[in-house]
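First the structure, in the form of structure tokens, and then the observations on it.
FYI, it's all coordinate maths here, none of it is from the lab. Only a predicted model underlies this, so the values are computations on that prediction, with no experimental measurement involved. Please note: Cβ atoms are built from the backbone with ideal geometry, for glycine as well, and neighbour counts cover all protein chains shown.
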Amino acid sequence: MVQLWFAGNIFMPTLPARALRAFCLLFSLALILSVAARAELVWTSETGWRIEGGALSGLSGPEGRNAIELMNKGRKAEEKNSRGSAISAYKKVSKKYPNSIYAPEALYRAARLYLARKQYNKSFTFFQDMISRYPNTPRFNEVIGEQYRIASALLDGARPRYWGWIPGFKNREKGLEYFEVVLFNAPYSDYAPLALMNVARGHQKFKNTEEAIDALDRMINNYPQSLLAPDAYIQLAKTHASLVDGPEYDQTSTKEAATYFEDFIILFPNDPNIAAAATGQAKMKTVLAESKITMGDFYFYKRSNWVAAKVFYNEAITAYPDSPVAEKAKKRLAAVEADMASRMPQIGPDGRPIMPKKKKFLWIF
């Protein structure tokens, strides 16, 4: 049974001896973990690697000595510019002692060495292992930045090197893949909107228009307050406009482009691209209005359907009023009215329509 005793202003429970020992053990473990969270590895050429902050390494006895020896071996090789030996030592630390304080540092340093050797894929993978296994690392933002730079380099055509010295082939698609990983790792970081804009840029380079539109759409929906939002809007409008084939074809892309140009003009009236947006919107509205005239002409000239023709001509005027296309539609409406009047029967004095006289034929047998 738990009893309470008064100490100052706090009521403390009186626990059985076994429960008290368990409580003390848990408290000590929590204290150790708290201190370990504040600890960091520090390197000096005189002392080698050491832990500052009073934390434990997570290892004891021979394992602890082996781990620190490998870390020191890797760092000394690194300073001698022997990157291969350093990488080998750091990889052993990360594999053999994954629960130690040395493991995240070993992964980080191996990744940096791979990057120095332009082994971009291995570098990215080691950075990814680091933040996947140790997401609370204080170097999280730094690692995300390195991953972003690797993705940018590959997308821009950097050639990786096999074994650190043989030039490889360009792999721009891998850059796009890595940008998506950056988005997954840090969706709320400053790198996320930048990554999406690069994904859109890459897909536009590869003529993957639908994928580019998807990336830009994610950009404006997920990061509307980003400084890159205006550029995303104008690029999205231009990308939709690139799919427009003319007034004779489907106008879905025309409507989308016009909408995004209009949104840009409303949301960013002081942007330097406002004139380009206005020009783009005018072009899209012109194409849309001309498509209505095309439909109206079909019903007027091919089907003699005055009602349908008038509907489409009026829609052309509504789509882009006070424009040359609207004036053209108005002339078509006048032609429809004239044609309708010429085909309507005349009304006689008695209010009845005057029927045209039938022609007489002379039959000769």
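Below is a table of values for the structure above.
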| read-out | value |
| --- | --- |
| Relative contact order of region 227-340, defined on C-alpha pairs under 8 angstrom at six or more residues apart (%) | 20 percent |
| Burial ranking of peptide ranges 311-322, 190-201 (average Cβ count within 10 Å, highest at the top) | 190-201, 311-322 |
| Mean Cβ count within 10 Å, highest first, over the residues of peptides 151-158, 289-296, 266-273 | 289-296, 151-158, 266-273 |
| Chymotrypsin sites (Phe, Trp or Tyr not before Pro) within region 151-186: DSSP coil, no more than 15 neighbouring Cβ in 10 Å | W163, W165, F169 |
| DSSP-assigned coil residues among trypsin sites (Lys or Arg not before Pro) in region 202-276, each with at most 16 further Cβ atoms within 10 Å | K207 |
| Stokes-Einstein diffusion coefficient of region 159-258, Kirkwood radius over Cα pairs, 25 °C, 0.890 mPa s, in µm²/s | 165 µm²/s |
| Of K76/K96; K170/K207; K238/K330; K73/K122; K80/K170; K283/K328, those spanning more than 27 Å from alpha-carbon to alpha-carbon | K238/K330; K80/K170 |
| Nearby aspartates and glutamates by direct alpha-carbon distance to K255 (threshold 15 angstrom, same-chain neighbours under 8 apart not counted) | D245, D263, E290, E315 |
